[in-house]
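The values are calculated or read from the model by the stated rules, or taken from the named source; none is laboratory data. Since the structure is predicted, the reported quantities are computational estimates derived from the model, not experimental observations. For neighbour counting, all protein chains shown are included, and Cβ atoms are generated from backbone atoms with ideal geometry for every residue, glycine included.
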Amino acid sequence: MIRAAVIGATGYAGSQLVALLASHPAVSLTYLASHSYSGQYFGSVYPSLEPICNLMLHEEQIEEAAKISDVIFLALPHGMASFKVTSDLLAHCVVIDLGADFRLKDSSVYEAWYKTHHPSTHLLEESVYGLCELHRSAIEKAQLIANPGCYTTCSILTLAPLLSAGLIDHTSIIIDSASGTSGAGRSEKVDSLFCEVNENYKAYGVATHRHTPEIEQELSLLQNKEVVVQFTPHLVPMNRGILSTCYANLKDGVEEGEIGDAYRRFYQGEPFIRLMDQQLPETRFVRSTNVCAIGWRVDERTRRVIAIGAIDNLVKGAAGQAVQNMNIRFGIDETMGLSTLVARGL
């Protein structure tokens with residue numbers, strides 16, 4: 001059994017992670033930490049999950065967690081994990097960070113976008129970007145895995161085959177993404193109140209959203225040259241889900257059939273990619289699953305491809321991908337403990 005600890009267990013991503021790990025046949029939960037609910041039982045915070053997990057919540061002591069765990073999941077706000085993860089900690093256990101601190105390889109880019117100092121720059125080269133479909137072989141050997149952001153997971157997976165096959169102009173990419181309110185986290189924020197969100201649809205973080213450099217970093221690796229994207233996120237009045245609509249100019253001579261061929265070739269055998277071809281994804285198609293559903297259209301009038309991806313932001317965009325990373329790292333079935341099917345039709 002893989003002994004697992006979760007630091008930040010009562011946030012939306014953390015609680016989803018606990019639910020997945022508690023039901024995982026190869027995992028034993030050994031330690032849960034929550035600053036807000038220290039001393040309480042997990043089931044008292046999330047009564048619906050009490051039947052599968054009711055461990056005591058601790059004030060975080062990461063060194064103590066490392067003594068009784070093979071893997072530690074950090075579900076913390078940005079700027080915290082970089083102070084907690086050390087070389088000594090990584091010598092004792094694998095760390096999977098659901099935050100942003102180890103995703104960007106250039107610390108100056110991190111500090112510019114996140115407006116905070118990074119104290120562990122020596123670990124950035126050691127960390128592996130945990131987008132499983134792109135970096136599986138590196139994840140297999142990693143001690144420090146940076147779980148990707150939710151918007152980035154959806155956007156990168158939707159665009160990757162087009163860039164890899166050289167079908168689109170890499171200078172023309174525009175990404176419009178819409179997310180449910182759980183993406184803002186569980187802490188109290190005026191902008192996340194029901195009356196602010198309900199019956200409303202808005203753009204936010206326009207030209208400043210912190211997932212932008214993450215998307216550009218990974219797409220640049222695929223293109224082998226610098227890629228700059230126009231990324232605009234939107235908030236929609238639903239609990240969970242992300243839909244990313246990505247636009248790009250086709251290169252001269254590219255035919256519509258090449259688009260589908262590129263997707264099928266790039267994602268052949270991938271268990272959590274659902275290619276929908278000419279049927280377009282919807283967030284309800286992937287709710288509570290670890291699936292990224294992708295569809296596309298070619299607009300011959302404008303010579304653009306419109307590629308659309310959908311994920312559950314708390315599963316494939318956070319906790320599910322973290323479990324997928326753990327499965328790969330510990331050499332077990334990559335799909336273990338993760339769903340590819342929506343439990344209900346509506």
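Summary of computed values
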| read-out | value |
| --- | --- |
| Answer residue from the stretch 222-237, given it is without any contact (Cβ under 8 Å) to a residue 60 or more places away in the chain and either more than 14 Å from S177 (Cα to Cα) or among the aromatic types (F, W, Y) (or both) and is surrounded by the most Cβ atoms within 10 Å (Cβ to Cβ) among those | V228 |
| Failed condition for F272, given (1) touching a strand residue (DSSP E or B) at 6+ places or on another chain (Cβ under 6 Å); (2) in contact (Cβ under 8 Å) with a residue 60 or more places away in the chain; (3) buried (at least 17 other Cβ atoms within 10 Å of the Cβ) | (1) |
| Subset of the stretch 297-310 [more than 18 Å from P237 (Cβ to Cβ) and either among the aliphatic types (A, V, I, L, M) or in contact with a helix residue (DSSP H, G or I) (Cβ under 6 Å, 6 or more places away or on another chain) (or both)] | V298, V305, I306, A307, I308, G309 |
| One residue from L123, L157, L167, L163 being outside the structural domain of R284 (by TED's automatic domain parsing), touching a residue at least 24 places away in the same chain (Cβ under 8 Å) and crowded, with 16+ Cβ neighbours inside 10 Å | L123 |
| Criterion violated by T302 - all others in (1) of a type outside the set (A, V, I, L, M, F, W, C); (2) crowded, with 18+ Cβ neighbours inside 10 Å; (3) in the same structural domain as H170 (by TED's automatic domain parsing) satisfied | (2) |
| E216, sole failed condition from (1) more than 19 Å from the chain's Cα centre (by Cα); (2) without any contact (Cβ under 8 Å) to a residue 60 or more places away in the chain | (1) |
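Residue-by-condition table, conditions (1) assigned to a strand (DSSP E or B); (2) charged (D, E, K, R):
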residue	(1), (2)
H209	no, no
Q217	no, no
L221	no, no
K225	no, yes
R240	no, yes
Y247	yes, no
G257	no, no
